[in-house]
Amino acid sequence: MNTNLGRPFTFRGRAILPLTFLLAACAASIAADAAGSRFVAKPGAAKARVEGTSTIHDWQMEGSLIGGYVEPGPDFPTKPGAEVKPGKVSAKVEAFIPVRSLKSYEKDGKPYSDKMNEVAWEKLLSDKNPRIIYRVSELVLKEAPKSKDDAYVFDSTGELVVAGVTNKISMPVNVTPMEGGKLHIVGTTKVKMTDFKVDPPSPTMGVLIKTGDEVKLLFDWTVEQKTAPAPPSASKP
């Protein structure tokens, strides 16, 4: 009969089973920490921009509000210089832009009239669909940074929701991990308004203005790691 069944293995008379359990627990803890962390939008650290064309001049709308979060998997780079192999990387990402935070500006930064904003918000059905939303379904690392200050270059695929209509799109995204538990994320893509059942605006501002169907979306977003609340202090006896 094997009398060692259920006893820890030994090396030179010392039990190593508890050490094995300890190492496994540490590894599990590290993996859980990486996979369970969440980065949330940092107030005052975002810029969203929409660029388009019209029969009289190019136009642009800008906003400084982007909400949402990033939940990185264990293979997602969250620190400068992290080693990541090219290929699919796990992460859950959702970002949104309040439609009415986008306002029209001239090239010199001077705001257009409120009429231009109202026309755009109405076309985007902002009353019923107050947010433009992007949910990432897949991230593929195309290029690792050459230094810790450079960005990781990803191809992202996901669902873009505009005016209540959802379409699958792809978008190149650059992610730069920063000190202090922050991620700087920059992306840009082109879409057609009619793909989201949005009629290109044609406002009359002295003359009839016809807007081009294709627009360019750009965003510059910084998220920071959400820290867990401190445990309550033990009451004194």
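Among the residues that make up region 218-226, is at least one of them modelled with pLDDT under 95 and over 14 Å from the mean Cα position of the chain (by Cα)? Checking region 218-226: at least one residue is modelled with pLDDT under 95 and over 14 Å from the mean Cα position of the chain (by Cα). Condition first: over 30 Å from Glu179 (Cβ atoms), hydrophobic (A, V, I, L, M, F, W, C) and out of contact with any helix residue (DSSP H, G or I) (no Cβ under 6 Å at 6 or more places or on another chain). Can you find one or more residues in region 37-47 that meet it? Checking region 37-47: not a single residue is over 30 Å from Glu179 (Cβ atoms), hydrophobic (A, V, I, L, M, F, W, C) and out of contact with any helix residue (DSSP H, G or I) (no Cβ under 6 Å at 6 or more places or on another chain).
For region 42-73, give me each residue that is in a loop (DSSP other than H, G, I, E, B) and modelled with pLDDT of 95 or more. Passing the criteria: Ser64, Leu65, Ile66, Gly73. Taken over region 194-219, the criterion of being of a type outside the set (A, V, I, L, M), in a strand (DSSP E or B) and surrounded by 14 or more Cβ atoms within 10 Å (Cβ to Cβ) is satisfied by Thr211, Glu214, Lys216, Phe219.
Considered as a group, the residues in region 81-102 that are closer than 17 Å to Trp221 by Cα and in contact (Cβ under 8 Å) with a residue 60 or more places away in the chain include one that is surrounded by the fewest Cβ atoms within 10 Å (Cβ to Cβ), and that residue is Val93. Close Cβ contacts (under 8 Å, 6 or more residues apart or on different chains) running from residues in region 125-154 that are buried (at least 17 other Cβ atoms within 10 Å of the Cβ) and aromatic (Phe, Trp, Tyr) to residues that are assigned to a strand (DSSP E or B) and at pLDDT below 95 comprise Tyr152/Glu143. With respect to being more than 20 Å from Gly164 (Cα to Cα), aromatic (Phe, Trp, Tyr) and either in contact with a helix residue (DSSP H, G or I) (Cβ under 9 Å, 6 or more places away or on another chain) or surrounded by fewer than 20 Cβ atoms within 10 Å (Cβ to Cβ) (or both), Phe76 fits the description.
Filtering Val191, Val173, Val161 for residues that are of a type in the set (Val, Ile, Thr), surrounded by 16 or more Cβ atoms within 10 Å (Cβ to Cβ) and more than 17 Å from the chain's Cα centre (by Cα) leaves a single hit, Val191. Within region 104-116, the set of residues being in contact with a helix residue (DSSP H, G or I) (Cβ under 9 Å, 6 or more places away or on another chain) and either crowded, with 17+ Cβ neighbours inside 10 Å or among the hydrophobic types (A, V, I, L, M, F, W, C) (or both) comprises Ser104 only. Number of residues in region 152-183 that are on the phi < 0 side of the Ramachandran plot and outside any strand (DSSP E or B) equals 1.
Among Lys92, Lys107, which is the only one that is more than 22 Å from the chain's Cα centre (by Cα) and either outside any helix (DSSP H, G or I) or farther than 25 Å from Glu214 by Cα (or both)? Talk me through it step by step, then tell me what you get.
On the way: Lys92 fails: more than 22 Å from the chain's Cα centre (by Cα).
That would be Lys107, the only listed residue that is more than 22 Å from the chain's Cα centre (by Cα) and either outside any helix (DSSP H, G or I) or farther than 25 Å from Glu214 by Cα (or both).
Kindly evaluate Ala120 against the criterion of being under 18 Å from Phe39 (Cβ atoms), in contact (Cβ under 8 Å) with a residue 40 or more places away in the chain and crowded, with 19+ Cβ neighbours inside 10 Å. So Ala120 does not fit the description; no. The set of residues in region 114-147 that are outside any strand (DSSP E or B), of a type outside the set (A, V, I, L, M) and touching a strand residue (DSSP E or B) at 6+ places or on another chain (Cβ under 8 Å) comprises Asn117, Asn129, Pro130, Pro145.
The values are calculated or read from the model by the stated rules, or taken from the named source; none is laboratory data. Small disclaimer: the values here were computed from a predicted structure and weren't measured. Cβ coordinates were reconstructed from backbone atoms using ideal geometry, including for glycine residues, and neighbour counts include every protein chain displayed.
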